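So the structure is just underneath, and the comments pick up after that.
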Amino acid sequence: MEWSTRPARPDQPFGSWADDLAAAFVRLEPRRIAEAPFAGAISKVDAAPLQISLVKASGHTVHRLASHIASSTDDLCFVNLQLEGLGRTSQRGHEQISAPGDLAVADTTQPFEIAHRHNFKLFCFAVPRRLLPDALFDHPRLGLSATEAGRALSRTLTSYAELCLTGRQSATTSAMLGAHIAELIAHAPDFLADISVERVHTPVLLSVMLDHIARHCDDPELGAPALAKKFRCSERYVHRLFAATGRSVGEHVNEQRIAACVRELLDRNSSHKTIAEIAFDGGFRDISHFNRLFKRCNGLAPREFRRTAAH
């Protein structure tokens, strides 16, 4: 579902935006911050048990008023993941400032204000309140962008949201992703806290470790010991986490490395690089091991693969 507003009349600065917000979320009242022309767009998908929306708009504020709540039966929370711009969410005397990569929580059963002074873009996860712990509403501090672990969690949520919004998944797949997103959000405060990482729920930690592997596969030291050190847990615990995927840590790492090397071999801008240089840049230390693994994954040795791709 999609909504788009570009008001044509000066006396109606938001056009149908209030109705668009009500259709996509709950009844909200938009208010102007500046005199600049307004434009807004919402794309929404159902990923039961939650709904995911991509919101892009000019700067303005939205208010959830007591009168809205009195006539509503909704029991939702908005968990907004800031993508662009700077947001400010105020509720119950508490203020959350959100830079790109940060989360902010707004409970629709109580009044709130969400303000953006300039153009912004965000993902809104509309989550049933019962799926989120009470601790999430007690002066939440969800500045994910401030730490590497938080940034990894933010990227994971973004990837899942983008996947759902493509609309190419079945209802079952979307529901699975939605349930996982809700679980990631529910455990975000624990993950950012200075606690033993082994207390974090398994799907959360596994997702972030897989994201770390995807971003750092070119590190020759990457493996179970490095992950254990990075995420402050035992090496045995790392292996136990990855057992649930049906593949070892090494297999996940090598898959990412081979994929990176394939991209390099297909890239004409890398045609000056030798096979060994590409392998070492990808994180491999043993060229013979790389050649065997590459052929097993792609059916051709790296040199043959490059030659075939060139034709």
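The values are calculated or read from the model by the stated rules, or taken from the named source; none is laboratory data. Because the structure is a prediction, the values reported are computed rather than measured. With ideal geometry, Cβ positions are generated from the backbone for all residues, glycine too; neighbour counts draw on all protein chains shown.
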Looking at 112, 125, 78, 137, which one is among the aromatic types (Phe, Trp, Tyr) and either surrounded by fewer than 18 Cβ atoms within 10 Å (Cβ to Cβ) or farther than 17 Å from residue 21 by Cβ (or both)?
137
Screening 220, 225 for residues that are closer than 23 Å to residue 149 by Cα, in contact (Cβ under 8 Å) with a residue 60 or more places away in the chain and of a type outside the set (Phe, Trp, Tyr) leaves only 220
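Residue-by-condition table, conditions (1) modelled with pLDDT of 90 or more; (2) of a type in the set (D, E, K, R):
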site: 126; (1), (2): yes, no
site: 130; (1), (2): yes, yes
site: 144; (1), (2): no, no
site: 161; (1), (2): yes, no
site: 164; (1), (2): yes, no
site: 172; (1), (2): no, no
site: 175; (1), (2): no, no
site: 190; (1), (2): no, yes
site: 193; (1), (2): no, no
Yes/no for residue 91 being more than 22 Å from the chain's Cα centre (by Cα) and surrounded by 15 or more Cβ atoms within 10 Å (Cβ to Cβ)
yes
For the range 1-80, please list each of the strands (runs of 3 or more DSSP E) lying entirely inside it that holds at least 1 residues being over 28 Å from residue 172 (Cβ atoms) and modelled with pLDDT of 95 or more.
29-31, 40-47, 50-57, 60-64
In the range 43-71, what count of residues is obtained for those that are surrounded by 16 or more Cβ atoms within 10 Å (Cβ to Cβ), out of contact with any Lys or Arg (no Cβ under 9 Å at 6 or more places or on another chain) and more than 17 Å from residue 114 (Cα to Cα)?
4
Since residue 162 meets every condition but one in (1) under 30 Å from residue 33 (Cα atoms); (2) in contact (Cβ under 8 Å) with a residue 24 or more places away in the chain; (3) not aromatic (Phe, Trp, Tyr), which condition does it not meet?
(2)
Determine, yes or no, whether residue 102 is in contact with a Ser or Thr (Cβ under 9 Å, 6 or more places away or on another chain) and modelled with pLDDT under 95.
yes
Residue that is nearest to the chain's Cα centre (by Cα) [pool: residues in the range 220-258 that are farther than 18 Å from residue 297 by Cβ and of a type in the set (Ser, Thr, Tyr)]
237
